[in-house]
Amino acid sequence: METAYMKAKRAVEEARHIAIIGHLNPDADALGTGLGLWWILKGLGKRVDIVNMSDPLPQILSFLPGFEKIKKQLRPDVDLMISVDCGSFDRLGVERPESAKLINIDHHRSNTGYGDINLVEPHFASASETAFRLVTASGWEIPKNAAINFYAALLSDTGFFGYEGVCERVFDFAKALLRLGADAEWTARMFRENQPLSKLRLLPKVLETLTLYLQGRVAGLDVTQQMLRASGATVNETDDMVNYARSLATVEVGFLVREESDGTLKVSLRSKTNVDVSAIAKRFGGGGHIRAAGFIVRGMERDVLIEKLLKMIEGEMKL
């Protein structure tokens, strides 16, 4: 029987016009995996676009090779879409062309299996690892720029190799990427020492909102539209700030509630060892990983949201 990876290989090699697309509000895994595949498929002589519908894109990731090639329009004549790092089709922010086949490349266990071909590996550390498996199984050449992108995706989604799930296989993947031309020191520097001034102006405003709940086992942060305007920051610059809530010694679960321009609330959840935050996010219509997840709510006041969220967290913690 033909495996899903071989079906994906055949679909790519038979396609005339391919579009690679990641989720809205993309992170390094979405863009790094997508750009890595873009370089590889360009090397195959394919007509291929890299697409993301978010505006603006996170400029902190502009160091990724090919970043400037990302388009904000999905052409109607594509006959193959490849989604990366996206758990459900609606998070791509596009309508699927009628003639397009869809390959779904991901590592979220909450993935809905929305593709015609689904390459979803929940035990993998990043979507780039799933993409790499497709590329190596297919025997396609991996240029240096693809390795750089895949490595950035891996480094980000493993928290610099510090998250649960990092194992020997993950380091073997990193080793392979370094052999292909990825630069560990340069990539780490681009993440850690390439921050925009607006983000540093935003951070103290966010930290001032820090609130402890449930005997100090839960910490919450807020980002409001007023904070974003005052600091000049974009929503993309808030993505990792939830980690400050989790970093406190007594805290098991940290969350960040971000006010969007349309009044919706985007919630990011992080846990240390005991709470499956993806189960909580799923109850709000979101998803993610056991230790990192998120969701969006509409038409709900912040205080009501916090009350519901804390009850769910308390239930998961079994305090």
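Using the structure shown, decide if Asn104 is part of a helix (DSSP H, G or I), surrounded by 23 or more Cβ atoms within 10 Å (Cβ to Cβ) and not small (Gly, Ala, Ser).
Values: part of a helix (DSSP H, G or I): no; surrounded by 23 or more Cβ atoms within 10 Å (Cβ to Cβ): yes; not small (Gly, Ala, Ser): yes.
Here the answer is no, as Asn104 does not meet what is asked.
Of these, Ser278, Ser268, which one is buried (at least 16 other Cβ atoms within 10 Å of the Cβ), of a type in the set (Ser, Thr, Tyr) and not in a helix (DSSP H, G or I)?
Values: Ser278 fails: not in a helix (DSSP H, G or I).
Every option except Ser268 fails the conditions.
For every residue, the table says whether it meets (1) acidic (Asp, Glu); (2) farther than 21 Å from Ile103 by Cα; (3) open to solvent by 70 Å² or more (accessible area, probe 1.4 Å).
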| position | (1), (2), (3) |
| --- | --- |
| Thr136 | no, no, yes |
| Gly139 | no, no, no |
| Gly159 | no, yes, no |
| Val170 | no, yes, no |
| Gly181 | no, yes, no |
| Glu185 | yes, yes, yes |
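Answer yes if at least one residue in the range 296-319 is hydrophobic (A, V, I, L, M, F, W, C), open to solvent by 70 Å² or more (accessible area, probe 1.4 Å), touching a residue at least 40 places away in the same chain (Cβ under 8 Å) and over 20 Å from Leu210 (Cα atoms), and no otherwise.
Filtering the range 296-319 for residues hydrophobic (A, V, I, L, M, F, W, C) gives 296-297, 300, 304-306, 309-310, 312-313, 317, 319.
Filter once more, keeping what is open to solvent by 70 Å² or more (accessible area, probe 1.4 Å): 296, 319.
Cutting the leftovers down to touching a residue at least 40 places away in the same chain (Cβ under 8 Å) gives us 319.
Among the residues that remain, those that are also over 20 Å from Leu210 (Cα atoms) are: 319.
Scanning the range 296-319, I find at least one residue that is hydrophobic (A, V, I, L, M, F, W, C), open to solvent by 70 Å² or more (accessible area, probe 1.4 Å), touching a residue at least 40 places away in the same chain (Cβ under 8 Å) and over 20 Å from Leu210 (Cα atoms), so the answer is yes.
Output the residues belonging to the range 42-54 that are out of contact with any Phe, Trp or Tyr (no Cβ under 8 Å at 6 or more places or on another chain), under 29 Å from Gly139 (Cβ atoms) and of a type outside the set (D, E, K, R).
Gly45, Val51, Asn52
Each row is one residue, and each column tells you yes or no for (1) open to solvent by 60 Å² or more (accessible area, probe 1.4 Å); (2) over 24 Å from Asn111 (Cα atoms).
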residue	(1), (2)
Glu13	yes, yes
His23	no, no
Ala28	no, no
Gly36	no, no
Ile50	no, no
Met53	yes, no
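Could you identify the single residue in Gly165, Gly220, Gly216 that is within 22 Å of Thr273 (Cα to Cα), open to solvent by less than 50 Å² (accessible area, probe 1.4 Å) and touching a Phe, Trp or Tyr at 6+ places or on another chain (Cβ under 6 Å)?
On the way: Gly165 fails: touching a Phe, Trp or Tyr at 6+ places or on another chain (Cβ under 6 Å); Gly216 fails: touching a Phe, Trp or Tyr at 6+ places or on another chain (Cβ under 6 Å).
Only one candidate passes the filter, namely Gly220.
Answer with yes or no whether Leu57 is in contact with a Phe, Trp or Tyr (Cβ under 8 Å, 6 or more places away or on another chain), modelled with pLDDT under 95 and surrounded by fewer than 24 Cβ atoms within 10 Å (Cβ to Cβ).
On the way: in contact with a Phe, Trp or Tyr (Cβ under 8 Å, 6 or more places away or on another chain): yes; modelled with pLDDT under 95: yes; surrounded by fewer than 24 Cβ atoms within 10 Å (Cβ to Cβ): yes.
Spelling it out, Leu57 is indeed in contact with a Phe, Trp or Tyr (Cβ under 8 Å, 6 or more places away or on another chain), modelled with pLDDT under 95 and surrounded by fewer than 24 Cβ atoms within 10 Å (Cβ to Cβ).
Quick test for you: out of Ala30, Ala4, pick the one residue that is in contact (Cβ under 8 Å) with a residue 60 or more places away in the chain and either within 20 Å of the chain's Cα centre (by Cα) or within 21 Å of Ile296 (Cα to Cα) (or both).
Values: Ala4 fails: either within 20 Å of the chain's Cα centre (by Cα) or within 21 Å of Ile296 (Cα to Cα) (or both).
Residue meeting the stated conditions: Ala30.
Among the numbered criteria (1) modelled with pLDDT of 95 or more; (2) surrounded by fewer than 21 Cβ atoms within 10 Å (Cβ to Cβ); (3) under 25 Å from Pro122 (Cβ atoms), which one does Leu200 miss?
For Leu200, the failing item is (3).
If I go through the range 237-252 residue by residue, how many of them are outside any loop (DSSP other than H, G, I, E, B) and either in contact with an Asp or Glu (Cβ under 9 Å, 6 or more places away or on another chain) or open to solvent by 60 Å² or more (accessible area, probe 1.4 Å) (or both)?
If we filter the range 237-252 for residues that are outside any loop (DSSP other than H, G, I, E, B), which is where we start, we get 237-238, 242-246.
When the remaining residues are screened for being either in contact with an Asp or Glu (Cβ under 9 Å, 6 or more places away or on another chain) or open to solvent by 60 Å² or more (accessible area, probe 1.4 Å) (or both), the result is 244, 246.
Total satisfying the criteria: 2.
Of Arg91, Arg96, which residue is of a type in the set (D, E, K, R), open to solvent by 40 Å² or more (accessible area, probe 1.4 Å) and in contact (Cβ under 8 Å) with a residue 60 or more places away in the chain?
Numbers: Arg96 fails: in contact (Cβ under 8 Å) with a residue 60 or more places away in the chain.
From the options Arg91, Arg96, the qualifying one is Arg91.
The values are calculated or read from the model by the stated rules, or taken from the named source; none is laboratory data. Bear in mind that the values here come from a model prediction, so they are computed numbers and not experimental data. Virtual Cβ from ideal backbone geometry, glycine too; neighbours counted across all protein chains shown. These accessible areas exclude ligands, DNA and RNA; they are computed on the full protein's heavy atoms, side chains included. Shrake-Rupley method; radii C 1.70, N 1.55, O 1.52, S 1.80 Å.
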